[in-house]
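Read the figures in this text as sums done on the coordinates, not as results from a lab. These numbers were taken from a predicted model, which means no experiment stands behind them. Glycine gets a Cβ as well: all are built from the backbone with ideal geometry, and neighbour counts include every protein chain shown.
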Amino acid sequence: MKINQTINYPMIPTEIVVHLGNPDEAARNISVPFIDYIKNVASSEIYPTWPESAIEANILAQISFALNRVYNEWYPSRGYTFDITSSPSYDQAYVEDREIFDTISKKVDDIFNNYIYRDGQIQPLHAIYCDGRVTTCNGLSQWGSVALARNGRNPLEILRYYYGNDVNVFRNAKVGESITEYDGVPLKIGDTGNAVRLIQVELNRISNNYPAIPKISRTNGVFGAYTENAVKKFQEVFNLNVTGVVDRATWYRIKYIYNAVKKINDIYSEGISEEEATLEFKEKLEYSDTGPEIRVLHYILGVISFFDPDLPLLDINGVFNQNTQTMVINFQEKYGLPGSGVVDSRTWAKMIEVYKNTINNIPTEYVKYRDEFFPGRVLTIGMSGDDVRKIQGYLLKICRQYGNIPGIRVSGIFDDLMERSVAVLQEIFEEPVTGIISPLTWYNIVEYSKQGNVETSNN
């Protein structure tokens, strides 16, 4: 489901999970609305009588510190089940059920979705700070910020005094849940999406420090053979089960090592660039959306509905119209999902699961057409197996019919020659030219091959 690239800027979480103690201390975890958490921290650490500029600068530092913990999955990557602790020795002071100062509450309401970042980076700054009297640090001095404010410095000037002239304030960040967190579904060969791309980018960065891990040449959000090889080597290097599948343990180990090599917790960290945070895929498909990704959706639902009388048939027309929305709702309700009519990651995962079950259990009278159905995993260069061999048969038929298509070898290996052939056909089909075989490309290749009379080599 490829679209124009966008930047995955950090979002403000609706809630944050706070551990009421030191990291290894037996204590409760509580889920707190993020805005209430910041109000509590600010009321615990600063005074409402301070100059407004000092209050704002300190709150921005507190917001950024907390967001940095969440964005980099600091504690989950270390095996903990919370986002942050209540201990100022490790994180920030949070006191359950404490009084919230009105002045601070109003200021947090105004700026809770703003955070500090460094030029050229996108992650919230790990804004280290200390009181400046009892303790000092390589960061903001809380009492020092008061003196600067009384001397006429504004919030940004105060922040730049302590963190450097290359820091700025990102304003009006979106509120929602991060798309990069592990969602409980293992990533494996043939999978696609932004979570896959994140893993590819992070493994490539890790390989700079651990050169035994091979580089992934295409960080395109498609889990191909090169990604699988890199995952396997990572698992071998860090004593994980060598499966090539990114399960929860592998996900958070990658995150932990990535944070370590980039020194995410440093004020002057290497940081995360916009290129690293580029999104390649839509996170949701909904009413009025158009384009190839909708045709992919129609193809998957079309096959399911063909063999399921409970679901209406759909045309592959590239438009998420009322009929598509009704179909999605019917599918969601049948499979125990909220009937929103929006295709989110959970709905998409269930569709792929049902699709695979459908093509693996088609009625006897349709068995002879089994090879025409998309196998349920995206194919890309470096992959091999029967699925590759099947589509190569259709590609060979097309190559024999049309002289403008590069040749193809029916080898069961997705090589450079096959990639070039697929890319040429995608141009003809007016698809995004990726060289990758998605459901839409598979469908178009099969249908295009039927225009001649030559038998496919795999029949």
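Taking the Cα-to-Cβ direction at Asp183 and at Thr49 and moving 7 Å from each Cα, how far apart do the two end points lie in nm?
About 5.1 nm separates the two model spin labels.
For segment 354-459, what class follows from the C-alpha gyration tensor (a ≥ b ≥ c being the square roots of its eigenvalues): rounded when a/c is under 1.5, otherwise prolate if a/b is larger than b/c, else oblate? List each step's numbers first, then the result.
Values: a/c = 1.62, a/b = 1.36, b/c = 1.20.
It comes out prolate by the Cα gyration axes.
Any chance you could run the full-extension gain for Asn404 through Tyr9? It's 0.36 nm times the residue separation minus the Cα-Cα distance, nm to one decimal.
137.9 nm
In whole Hz, what ³J(HN,Hα) sequence does segment 392-405 give by Karplus (6.51, -1.76, 1.60; θ = phi - 60°), x for Gly and Pro?
So the J values, rounded to whole Hz, are 5, x, 5, 5, 4, 4, 5, 4, 5, 8, 10, x, 8, 9.
Quick one: helix 292-306 against the long Cα principal axis of the chain, what's the angle to the nearest 10°, folded into 0 to 90?
Taking the Cα atoms of the chain, the angle to 292-306 is about 60 degrees.
Restricting to the chain, what percent of DSSP beta bridges are antiparallel, rounded to 5?
Working: 18 of 23 bridges.
If I count the DSSP bridges inside the chain, around 80 percent turn out antiparallel.
What percent do you get for the relative contact order of segment 79-228 when only Cα pairs under 8 Å and 6+ apart count? Working shown, then result.
Numbers: 143 pairs, mean separation 23.9, N = 150.
Reported as a whole number, the value is 16 percent.
Could you give the spread of the C-alpha atoms of the chain along their three principal axes, from largest to smallest, in whole angstroms?
85, 48, 42
Taking only C-alpha pairs under 8 Å that are 6+ residues apart, what is the relative contact order of the chain in percent? List each step's numbers first, then the result.
Details: 777 pairs, mean separation 62.0, N = 459.
Once divided by the residue count of the chain, the mean separation gives 14 percent.
Step through the residues of segment 282-289 one at a time and calculate ³J(HN,Hα) from phi using the Karplus curve (6.51 cos²θ - 1.76 cosθ + 1.60, θ = phi - 60°), rounding each to whole Hz and writing x for Gly and Pro.
5, 8, 9, 10, 8, 3, 5, 5
Please flag any cysteine in the chain that has no other cysteine's Cβ under 4.7 angstrom from its own Cβ.
Cys399 - these cysteines have no disulfide-compatible partner (Cβ-Cβ under 4.7 Å) in the chain.
With runs of 4+ DSSP H residues as the only contributors, calculate the mean residue ellipticity of the chain at 222 nm using -39,500 (n - 2.57) per run, divided by the residue total and rounded to the nearest 500. Please list the in-between numbers first.
On the way: 14 runs with 189 residues, N = 459.
So the helix-based figure for the chain works out to -13000 deg cm²/dmol.
Please compute the length gained on full extension between Glu447 and Ser89, using 0.36 nm multiplied by the number of residues separating them and subtracting their Cα-Cα distance.
122.5 nm
Please give me the summed charge of the neighbours of Val343: other residues whose Cβ is under 12 Å from its Cβ, Lys and Arg +1, Asp and Glu -1. Don't skip to the answer; put the middle values down first.
Numbers: positive: Lys282, Lys284, Arg346, Lys350; negative: Glu283, Glu286, Asp289, Glu293, Asp344.
Once all neighbours under 12 Å are counted, the net charge is -1.
Round to the nearest 0.05 the FRET efficiency obtained for Asn229 and Asp110 when R0 = 51 Å and r is the Cβ-Cβ distance. Write out the running numbers ahead of the final one.
Values: r = 50 Å, r/R0 = 0.97.
Given R0 = 51 Å and the Cβ-Cβ separation, E is 0.55.
Around Val175, which amide H atoms from residues at least 5 apart in sequence, or from another chain, sit under 5 Å from its own amide H, with H modelled in the peptide plane?
Ile12
Cα axis of helix 439-449 to longest principal axis of the chain: angle in degrees, 0 to 90, nearest 10?
20
What's the local net charge at Val167, with K and R +1, D and E -1, over the other residues with C-beta under 13 Å away? Write out the running numbers ahead of the final one.
On the way: positive: Arg118, Arg160; negative: Asp119, Glu157, Asp166.
With Lys, Arg at +1 and Asp, Glu at -1, the neighbours total -1.
Which FRET efficiency, nearest 0.05, do Leu20 and Lys356 yield, Cβ-Cβ r, R0 41 Å?
Details: r = 44 Å, r/R0 = 1.07.
In this case the efficiency is close to 0.40.
Can you work out the Karplus-derived ³J(HN,Hα) for every residue in segment 201-217? Use 6.51 cos²θ - 1.76 cosθ + 1.60 with θ = phi - 60°, whole Hz, and x for glycine or proline.
5, 5, 5, 4, 5, 4, 5, 4, 8, 10, x, 5, 7, x, 5, 9, 5
For segment 350-419, calculate the relative contact order in percent as a whole number, restricting contacts to Cα pairs under 8 Å that are 6 or more residues apart. Please report the intermediate quantities before stating the final value.
Values: 61 pairs, mean separation 20.5, N = 70.
Relative contact order here is 29 percent.
Cα axis of helix 102-111 to longest principal axis of the chain: angle in degrees, 0 to 90, nearest 10?
30
Roughly how many whole Å is it from the C-alpha centroid of segment 354-409 to that of segment 91-129?
First find each Cα centre; the distance between them is then 53 Å.
Near the amide H of Gln123, under 5 Å away, which other amide H atoms are found, from residues 5 or more places off or on another chain, if H is placed in the peptide plane?
Ile272
Using the per-residue mean of other Cβ atoms lying within 10 Å as a proxy for protection, in what order, highest first, do the peptides 152-160, 371-379 fall?
Numbers: 152-160: 18.7, 371-379: 21.7.
Result, highest mean first: 371-379, 152-160.
Set the Förster radius R0 to 30 Å, insert the Cβ-Cβ distance between Tyr287 and Glu427 as r into 1/(1 + (r/R0)^6), and round the FRET efficiency to 0.05.
Details: r = 30 Å, r/R0 = 0.99.
Once the sixth-power term is evaluated, E becomes 0.50.
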